[in-house]
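The values are calculated or read from the model by the stated rules, or taken from the named source; none is laboratory data. Everything numeric here is computed off the predicted structure, so don't read it as measured data. Cβ placement follows ideal geometry from the backbone for every residue including glycine, while neighbour counts extend to all protein chains displayed. What goes into the accessible areas is simple: the full protein's heavy atoms, side chains included, and nothing from ligands, DNA or RNA. Shrake-Rupley method; radii C 1.70, N 1.55, O 1.52, S 1.80 Å.
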Amino acid sequence: MEEFDVIVVGAGVMGSSTAYQLAKRGRKTLLLEQFDFLHHRGSSHGESRTIRATYPEDYYCGMVKESYQMWEEAQSEIGFRVFFKAQQFDMGPADAKSLLSVISTCQNKDVPHQVLNRQQVAEKFSGRIDIPDEWIGVSSEHGGVIKPTKAVSMFQTLAFKYGAFLKDNVEVNGISKDGTKGGGVIVSTAGGEKFWGRKCVITAGAWMKKLVKTVSGIELPIQPLETNVCYWRIKEGHESKYAIGNDFPTFASYGKPYIYGTPSLEYPGLIKVAVHGGYPCDPDKRPWGPGLIPDSLKQWIEETFKGLVDSNAPAATQLCVYSMTPDEDFVIDFLGGEFGKDVVIGGGFSGHGFKMAPVIGRILGDLVLTGEANGVELKHFRIARFQDNPGGNVKDFEDQVGLLTSSL
């Protein structure tokens, strides 16, 4: 058996970021992936993800701020860009609890922001965004777009540069405590290989629930959703108005359904606008679309962009997977039981974790090496929260991610 300081299981953005952090600290690290590296079966592929500090939950704000710095640092190490700056614009009914919580977070965490009425929104964005009279907008400089596949490649390349070992098409089907060496774990694969590690980190994405149950018997309340990402054609002559770098923001709409999007970047003349939600799925038995395009999304595009974006049908779609927890908060913790602090898990990122991949990699690295995470309060992310309450953390505002139905 080859021996390692840490074995990371799952090479999406979280596992790749963790491997980079560990290798950079001089630890002999093995990163394992069950499919090809940079595959399209999980949550870490595609052309764009938003980054924003405007969260209803104030405990994410510091993590996002740290991630901004860490994205810049990783970019400077690799020599190419994966993060593109933009403004962030949140909008919704003036009495929406989630949006009011966003404003509260901005106030409490010193996030510079402006609260705008309909006329002020029209003025700020030169008529490109329109909201109803009874809505408000929240504008912040803390926005941006991340190129996801490129970002995963960056972390894997940097991990390799610092000495990590990377293996793909290696399916892990068992992790057991090593009783012969006085510690450590043995990671077994479907192909019959075994690897020994002092510690192990599991970042298995949509497969987290299955693997953790196999390994420990613990059933994490993580439900994969298949989500449909839509790109819409900007009408001829108006393309530059909605392009990144031209002060058009990344955005989120706290109406029903919750809608999000990014400026035109990856596909010239197309803008990404999608519903933040999806359909429950088994990651090994995906429906692979085609997915419902709710009429409410088409109506929102027509009204918000004042007819300048073709709302009849998306010009292109891509599929992705969310790994949902009941409270939409992450699971970052020690696996416990017979493994104690030798196995750390990171999952349940619920459709909003990608932006924080650098800091999550840092946290998982801290936990597996030192037993604690510096500068982050992990009580919101512990497994035990579901024992106390099956719904997890109690919040006084609406869920952000929805299960899609024809009624939307």
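Structure notes:
- Unique match (being crowded, with 21+ Cβ neighbours inside 10 Å, over 30 Å from L22 (Cβ atoms) and either touching a Leu at 6+ places or on another chain (Cβ under 8 Å) or without any contact (Cβ under 8 Å) to a residue 40 or more places away in the chain (or both)) among S139, S98: S139
- Among the criteria (1) open to solvent by 10 Å² or more (accessible area, probe 1.4 Å); (2) within 27 Å of P224 (Cβ to Cβ); (3) at pLDDT 95 or above, the one Y279 does not fulfil is (3).
- Yes/no for K235 being out of contact with any helix residue (DSSP H, G or I) (no Cβ under 8 Å at 6 or more places or on another chain) and either farther than 23 Å from R81 by Cα or free of Cβ contacts under 8 Å to residues at least 60 places away in the same chain (or both): yes
- Of all residues in region 105-136 being without any contact (Cβ under 8 Å) to a residue 40 or more places away in the chain, open to solvent by less than 40 Å² (accessible area, probe 1.4 Å) and touching a strand residue (DSSP E or B) at 6+ places or on another chain (Cβ under 8 Å), the one that is nearest to P263 (Cα to Cα): V121
- Qualifying residue in region 1-16 (condition: more than 20 Å from the chain's Cα centre (by Cα), modelled with pLDDT under 95 and not in a helix (DSSP H, G or I)): yes
- Which numbered condition V368 fails, given (1) crowded, with 22+ Cβ neighbours inside 10 Å; (2) within 22 Å of I146 (Cβ to Cβ): (2)
- Test: residue in region 214-222 that is modelled with pLDDT under 95 and either buried (at least 22 other Cβ atoms within 10 Å of the Cβ) or over 15 Å from Y322 (Cα atoms) (or both): no
- Some residue of region 29-38 being in contact with an Asp or Glu (Cβ under 6 Å, 6 or more places away or on another chain), farther than 30 Å from G163 by Cβ, part of a loop (DSSP other than H, G, I, E, B) and at pLDDT 95 or above: no
- Residue within region 278-288 that is closer than 26 Å to F155 by Cα and either among the aliphatic types (A, V, I, L, M) or touching a helix residue (DSSP H, G or I) at 6+ places or on another chain (Cβ under 7 Å) (or both) present: yes
- Whichever residue in region 23-52 is aliphatic (A, V, I, L, M) and under 25 Å from L270 (Cα atoms) and, among such residues, is surrounded by the fewest Cβ atoms within 10 Å (Cβ to Cβ): L38
- Residues satisfying the stated conditions in region 231-276, i.e. in a loop (DSSP other than H, G, I, E, B) and open to solvent by less than 10 Å² (accessible area, probe 1.4 Å): F248, P249, P263
- Flag for A53 being in contact with a helix residue (DSSP H, G or I) (Cβ under 6 Å, 6 or more places away or on another chain), part of a loop (DSSP other than H, G, I, E, B) and in contact (Cβ under 8 Å) with a residue 12 or more places away in the chain: yes
- With respect to (1) part of a helix (DSSP H, G or I); (2) surrounded by 24 or more Cβ atoms within 10 Å (Cβ to Cβ); (3) of a type outside the set (S, T, N, Q), the lone exception for K210 is condition (2).
- Any chance G307 is in contact (Cβ under 8 Å) with a residue 60 or more places away in the chain and in a loop (DSSP other than H, G, I, E, B): yes
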